[in-house]
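First comes the structure, then the notes that go with it.
The values are calculated or read from the model by the stated rules, or taken from the named source; none is laboratory data. Keep in mind the model is a prediction, meaning the values are calculated, not measured. Ideal geometry is used to build each Cβ from the backbone, glycine not excepted, and the neighbour counts take in all protein chains shown.
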């Protein structure tokens, strides 16, 4: 099996392929785990089940949230940094409606009062009156998780730019890199924003969009935030090294920022003013990442078909945001489908192409 892309989604596919007995896994990527251009490197690291007004996607996210602890238990050097997360980036009516909606879908979320917030976030100076609380939400360090999953997969990772998919008679037979041709009877695409260009080499139009996410990292600090928090104009959590990871409005686009360093420094200064801490809090570094966003915001997982409605064999696609939430089951259920041909109901709504109808397949 060839996996194109070495982020957390590719790592999950590699790990679960190995668990299913695939003993020769080659991972090809121009950006390796931890490289600054990789989306996983620039993720905030919040695993949650929220998908407002989209029950099937919320169910998938919740299933991933439930699966993450099992995956962590299987990997000896993997752990989560914190459990439980607070949100108050909606007005009071919307917040209560969102929590009620997700409760009705069976998720472990609730409304927390100001006094509860003060108990759980004692260093936060101004607590809101109400906040949503995801009881089982997790904070995961994306680079570490990716590296450990790849290590456990025993896959071979090659730094290479894949520029073309090789396809004959609706069968993908391998890939062409800048340096060589590599043949294989199964190619899994987990290439994020590189997906459209790759698929265009086999005459498939796949549209994506992107936005820039800015995150500011402080110097290592004492424990100040026990849980990730998301407010109207900022979000923050503390990582496993004690650094606060701070962003602006959640999922905001930093494309129009004129001076990213100044913006990052302001994020840190504003956060210092929100916390009861008398020590030195400064910007250590910042990251800027391009989010791989499918057009409708939902994951795209599955087999592909040509414009004539014919199944293209030997290729499987998985592209999504947020990878940190969705990667575990995208990889597990994706590999199950690759091996058995059977599609799990949890990913039934996430076919890569809108015109994909299984009953209309014309196998060749």
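Residues in the range 101-112 that are without any contact (Cβ under 8 Å) to a residue 60 or more places away in the chain and either exposed (fewer than 13 other Cβ atoms within 10 Å of the Cβ) or within 23 Å of residue 238 (Cβ to Cβ) (or both): how many?
Count: 5.
Kindly indicate the residue of the range 255-277 that is at pLDDT 95 or above and assigned to a loop (DSSP other than H, G, I, E, B) and also farthest from residue 141 (Cα to Cα) among those meeting that condition.
259
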Checked 54, 89 against criteria (touching a residue at least 12 places away in the same chain (Cβ under 8 Å), surrounded by 14 or more Cβ atoms within 10 Å (Cβ to Cβ) and not assigned by TED's automatic domain parsing to the domain that holds residue 276); the one match is 54
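Being assigned by TED's automatic domain parsing to the domain that holds residue 272, in a strand (DSSP E or B) and over 24 Å from the mean Cα position of the chain (by Cα) is the requirement here; does residue 112 meet it?
Working: assigned by TED's automatic domain parsing to the domain that holds residue 272: yes; in a strand (DSSP E or B): yes; over 24 Å from the mean Cα position of the chain (by Cα): yes.
In short, yes.
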Checked the range 306-320 for anything in contact with a strand residue (DSSP E or B) (Cβ under 6 Å, 6 or more places away or on another chain) and modelled with pLDDT of 95 or more; matches are 312, 313, 314, 315, 316, 317, 318, 319
When the range 3-50 is checked residue by residue, the ones that are surrounded by fewer than 24 Cβ atoms within 10 Å (Cβ to Cβ), over 30 Å from residue 228 (Cβ atoms) and at pLDDT 95 or above are 18, 20, 21, 22, 24, 25, 26, 28, 30
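Residues that are in the same structural domain as residue 320 (by TED's automatic domain parsing), in contact with a helix residue (DSSP H, G or I) (Cβ under 9 Å, 6 or more places away or on another chain) and buried (at least 17 other Cβ atoms within 10 Å of the Cβ): does the range 165-182 have at least one?
Initially, the range 165-182 is screened for residues in the same structural domain as residue 320 (by TED's automatic domain parsing), giving 165-182.
Applying the additional criterion that residues be in contact with a helix residue (DSSP H, G or I) (Cβ under 9 Å, 6 or more places away or on another chain) yields 165, 175.
If we keep only those that are buried (at least 17 other Cβ atoms within 10 Å of the Cβ) as well, we get 165, 175.
Yes, some residue in the range 165-182 is in the same structural domain as residue 320 (by TED's automatic domain parsing), in contact with a helix residue (DSSP H, G or I) (Cβ under 9 Å, 6 or more places away or on another chain) and buried (at least 17 other Cβ atoms within 10 Å of the Cβ).
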Pairing a residue in the range 117-144 that is free of Cβ contacts under 8 Å to residues at least 12 places away in the same chain with any residue that is in a loop (DSSP other than H, G, I, E, B) and surrounded by 21 or more Cβ atoms within 10 Å (Cβ to Cβ), where Cβ atoms lie under 7 Å and the two sit 6 or more apart in sequence or on different chains, gives 118/127
Flagged in the range 47-69 as part of a helix (DSSP H, G or I) and over 30 Å from residue 153 (Cα atoms), in numbering order, are 55
Among residues of the range 222-234 being over 17 Å from residue 118 (Cβ atoms) and either free of Cβ contacts under 8 Å to residues at least 24 places away in the same chain or surrounded by fewer than 18 Cβ atoms within 10 Å (Cβ to Cβ) (or both), the residue farthest from the chain's Cα centre (by Cα) is 222
When (1) in a loop (DSSP other than H, G, I, E, B); (2) under 18 Å from residue 4 (Cβ atoms) are applied to residue 233, the one that fails is (2)
When (1) loosely packed, with under 12 Cβ neighbours inside 10 Å; (2) over 27 Å from the mean Cα position of the chain (by Cα) are applied to residue 269, the one that fails is (1)
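Only one residue in 99, 72 is in a helix (DSSP H, G or I), in contact with a strand residue (DSSP E or B) (Cβ under 7 Å, 6 or more places away or on another chain) and not assigned by TED's automatic domain parsing to the domain that holds residue 300, so which one is that? Working first, answer last.
On the way: 72 fails: in contact with a strand residue (DSSP E or B) (Cβ under 7 Å, 6 or more places away or on another chain).
From the options 99, 72, the qualifying one is 99.
Table: residues versus (1) surrounded by 22 or more Cβ atoms within 10 Å (Cβ to Cβ); (2) under 21 Å from the mean Cα position of the chain (by Cα); (3) modelled with pLDDT of 95 or more; (4) outside any loop (DSSP other than H, G, I, E, B).
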| position | (1), (2), (3), (4) |
| --- | --- |
| 285 | no, no, yes, yes |
| 301 | yes, yes, yes, yes |
| 324 | yes, yes, yes, yes |
| 331 | yes, yes, yes, yes |
| 346 | no, yes, yes, yes |
| 349 | no, yes, yes, no |
| 352 | yes, yes, yes, no |
| 355 | no, no, no, no |
Restricting the range 305-322 to residues that are touching a helix residue (DSSP H, G or I) at 6+ places or on another chain (Cβ under 7 Å) and not in a strand (DSSP E or B), the one farthest from residue 22 (Cα to Cα) turns out to be 309
Say whether the condition of being in contact with a strand residue (DSSP E or B) (Cβ under 6 Å, 6 or more places away or on another chain) and at positive phi is met by at least one residue in the range 44-61. yes
